[in-house]
Amino acid sequence: MTEWLTLSGVRPVLLALVALLALVVTRYAVTNFRLDPRRRSFVSKLVGCLVAVLVLIVSNHIVVFFVAWMSISLQLHSCSCFILSVTERYWRLIKSSFWHAAQKLF
């Protein structure tokens, strides 16, 4: 029986680089969304995605690779939906404040 996960060759170096990048991205997300009430949900999905990336790197079996790949896809979809809703709320706020300022001006 083959090993499901392995750390050989260039994988430890790649694992360290991805882990460092994951730390930077997670820290940025925590500080960027510090006032959003759904921050905990977003950060947990982001960390889940990053863990799946780390598993993908060390996978040595097609089943583990496929499960990690699908997990990354699903987690990124939920993270992108969150970011799109935050962006939409931000632009709605800017548009309404601009509209109120224009009404006061005229």
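Residues checked against (1) out of contact with any strand residue (DSSP E or B) (no Cβ under 6 Å at 6 or more places or on another chain); (2) modelled with pLDDT of 85 or more; (3) small (Gly, Ala, Ser):
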site	(1), (2), (3)
Val55	yes, yes, no
Val64	yes, yes, no
Ile72	yes, yes, no
Leu84	yes, no, no
Phe98	yes, no, no
Ala101	yes, no, yes
Phe106	yes, no, no
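Condition first: farther than 21 Å from Ser41 by Cβ and exposed (fewer than 12 other Cβ atoms within 10 Å of the Cβ). Now tell me which residues in segment 69-92 satisfy that. It would help to see each step written out before you state the result.
Of segment 69-92, the ones farther than 21 Å from Ser41 by Cβ are 69, 91.
Within segment 69-92, Trp91 is the sole residue that qualifies.
Please work out which residue is nearest to the chain's Cα centre (by Cα), limiting yourself to segment 1-59 and to residues that are assigned to a helix (DSSP H, G or I) and among the charged types (D, E, K, R).
Lys45
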Just need a number here: residues in segment 49-106 that are in contact (Cβ under 8 Å) with a residue 12 or more places away in the chain and among the polar types (S, T, N, Q). 5
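The values are calculated or read from the model by the stated rules, or taken from the named source; none is laboratory data. Note that the structure is a prediction, hence the values are computed from the model and not measured. Note that each Cβ is placed from the backbone with ideal geometry, even for glycine, and that neighbours are counted across all protein chains shown.
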